[in-house]
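What follows is a short report on a single structure.
What follows is calculated from the coordinates using simple rules that are stated; it is not laboratory data. A quick note: this is a predicted structure, and the numbers were derived from the prediction, not measured. FYI the Cβ positions are ideal-geometry reconstructions off the backbone, even for glycines, and counts take in every protein chain you see.
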Ligand SMILES: [Zn+2]
């Protein structure tokens, strides 16, 4: 009767390009205190590079 009722998808924001993506499609990476989300491998790799640089700086 009411199949218009579609479940609301949980959106997360890409840490690099800030695009909103369904959490089921996001890539996740665990940082020290939080979980980062990415829309795809490109953004994930960019984040990894940044993370390596900032941890090397200390
Ligand atoms: Zn992205």
**Complete:** Scanning the range 3-28 for residues that are away from the ligand (no atom under 13 Å from the Cβ) and either assigned to a helix (DSSP H, G or I) or within 8 Å of the chain's Cα centre (by Cα) (or both) gives 23, 24
**Prompt:** Counting only residues that are more than 9 Å from the ligand (Cβ to nearest atom) and surrounded by 13 or more Cβ atoms within 10 Å (Cβ to Cβ), which one in the range 29-44 is farthest from the chain's Cα centre (by Cα)?
**Reply:** 29
